[in-house]
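See structure below.
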Ligand code: MN
């Protein structure tokens, strides 16, 4: 079994072809995230009611400054889905100038999610882990946060673990020394696999959702386990998450 906990199905050059392949692969579960509320309905159609592919309502921090008018749409779709992502904050140099609007939107979203009883959330926290954790702490009834491709420091990671966050980890993260250093500090039962495809490429070709399975080989070395055991462990984590969040 393979789980891709963070994949942008709608952003492949041929999303229909990729989603068709995903639907026929009975060993694959996907959280299909979006970057803007406007993309949600179209992306939902890609899943075509397949129970293994769930579509998340998102508002990516890198574009909220151009699209904040879609917040209303976000709120109107929210009751229709149990899945949120990609949301969060981005403190990268070129986006720092939009920090105020990012924070405003993120807070609005967390507030709405809290009001509706919480959701499963896939969260972006590039160069902003501390701020993301602070907000998650303030809005504490928002459900289950999954920090996707965590790139914060060790102190921030420990804080996130303490706050009960889950982590989705992909091949790209585990290919860096820093990613490997962080991953050893994540509790084994809080790790999920992801690709962040099609943004993540190997040899210039975008990863495909089923490539999320390759982290089993990388984690096997780190955990000193057999990769088949890792695969079982990762799927158990997913099933556990589904159970506690009432998803899938
Ligand atoms: Mn992403």
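Every number in this text was worked out from the coordinates using simple rules, so none of it is lab data. What you see is a predicted model; the values in this text were computed from it and never measured. Neighbour counts are summed over all protein chains in view; Cβ atoms, including those assigned to glycine, are modelled from backbone coordinates with ideal geometry.
At a glance:
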item	result
Gaussian network model of the chain, Cα within-10 Å springs - most flexible of 124, 41, 148	41
Kirkwood Rh in Å, taken over all unlike Cα pairs in the chain	17.9
For the range 83-237: relative contact order, % (alpha-carbon pairs under 8 angstrom, 6 or more apart)	16
The chain: most fluctuating residue of 13, 198, 61 per GNM, C-alpha cutoff 10 Å	13
Rounded Å value of the spacing that divides the Cα centres of the range 188-223 and the range 120-173	18
Max mean-square fluctuation residue, GNM over the chain, Cα-Cα springs under 10 Å, options 34, 55, 176	176
Alpha-carbon spread of the range 38-152, three principal axes, descending order, Å	39, 28, 26
Packing-based order for 23-31, 155-163, using average beta carbon neighbours within 10 Å, highest first	23-31, 155-163
Tail beyond 14 Å, pair distance distribution of the range 7-77 (Cα, percent)	57
